[in-house]
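Just so you know, all these numbers are worked out from the coordinates, no wet-lab data involved. Small disclaimer: the values here were computed from a predicted structure and weren't measured. When we count neighbours, we look across all protein chains shown, and the Cβ atoms used for this are built from the backbone with ideal geometry, even at glycine.
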Amino acid sequence: MNIGDKIEFALPNQNGEMISSENYLNQGIIIYVYPKDNTPGCTKEACSYRDNYQLLEAKGYKVFGLSKDSVKSHKNFEEKYSLPFTLLSDENLTLIKELGSYQEKSLYGKKFMGVVRSTFIFDNNHQLVYQNFKVKAAEDAVSTLKILEKLEK
């Protein structure tokens, strides 16, 4: 996905309901992609978005966490950490691949394909205005707020 590209999606949330980008016309969208529910980095990132959620919403943006975890896993993650935003389940990696967040990774010299922590901001026309593939989990929501302030200028 490149800057200026439009996003369209329809995926189940943590309650098993289908969520479509069409439900958020004229509203900005933030999608943060993360590897796995209930892991240390992903938990820090989710809690960062939880703690900054009202500020992001006040700027006119809807926050979505996106991973390949199941609806059930997302529900447990949401409840355990009192997450106020929608978690999207992309078990087939459709949207994750479209965003470019499924990439070759390396661990202990072994190469494999996996989900890369990344953040995307779409304007209220759902056009991509910012993407980051070098996300620091605990700082992601604050960094996103800073980017939104720059975009407003």
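Counting other Cβ atoms within 10 Å of each Cβ, which trypsin sites (Lys or Arg not before Pro) in segment 34-113 have at most 16 and sit in a DSSP loop?
Sparse-neighbourhood loop trypsin sites (Lys or Arg not before Pro): Lys36, Lys59.
Going by Cα centres, segment 1-54 and segment 74-115 are how many Å apart?
Between the Cα centres of segment 1-54 and segment 74-115 lies a distance of 11 Å.
In this model, which of Lys110/Lys150; Lys6/Lys80; Lys6/Lys110; Lys62/Lys146; Lys44/Lys146; Lys80/Lys136 are farther than 28 Å apart at the alpha-carbon?
Over 28 Å Cα-Cα: Lys110/Lys150; Lys6/Lys80; Lys6/Lys110.
Find, among the GluC sites (Glu not before Pro) in segment 1-110, those assigned to loop by DSSP (not H, G, I, E, B) with at most 15 other beta-carbon atoms within 10 angstrom.
Glu8, Glu17, Glu91
What list of ³J(HN,Hα) couplings, whole Hz, do you get for segment 19-35 from phi and the Karplus terms 6.51, -1.76, 1.60, once you set θ to phi - 60° and write x for glycine and proline?
Per residue, the Karplus-derived 3J(HN,Hα) values read 10, 10, 4, 4, 6, 10, 4, 6, 9, x, 10, 10, 10, 10, 9, 9, x Hz.
Got a sec? Charge dipole of the chain, +1 on Cβ for Lys and Arg, -1 for Asp and Glu; which of Ile19, Thr144, Gln127 is way out at the positive end?
Positive-most Cα among the choices belongs to Thr144.
By the scheme Lys and Arg +1, Asp and Glu -1, what is the net charge of all other residues having a beta-carbon under 14 Å from that of Val116?
+3
Determine the relative contact order of the chain: mean sequence separation of Cα pairs under 8 Å and six or more apart, normalised by residue count, in whole percent. Present the calculation step by step, with values, prior to reporting the outcome.
Working: 292 pairs, mean separation 49.3, N = 153.
The normalised contact order for the chain reaches 32 percent.
Using modelled amide H (1.01 Å from N, peptide plane; none on Pro or chain starts), what sits under 5 Å from the amide H of Gln14, excluding residues fewer than 5 places away?
Leu87
So what's the chain giving for Rg/Rh, alpha carbon basis, Kirkwood Rh from the mean inverse pair distance?
My calculation puts Rg/Rh at 0.94.
Find, among the chymotrypsin sites (Phe, Trp or Tyr not before Pro) in segment 66-138, those assigned to loop by DSSP (not H, G, I, E, B) with at most 11 other beta-carbon atoms within 10 angstrom. Before the final figure, lay out each step's value.
On the way: sites: Phe77, Tyr81, Phe85, Tyr102, Tyr108, Phe112, Phe120, Phe122, Tyr130, Phe133; in loops: Phe85, Tyr108, Phe133.
Filter output for segment 66-138: Tyr108.
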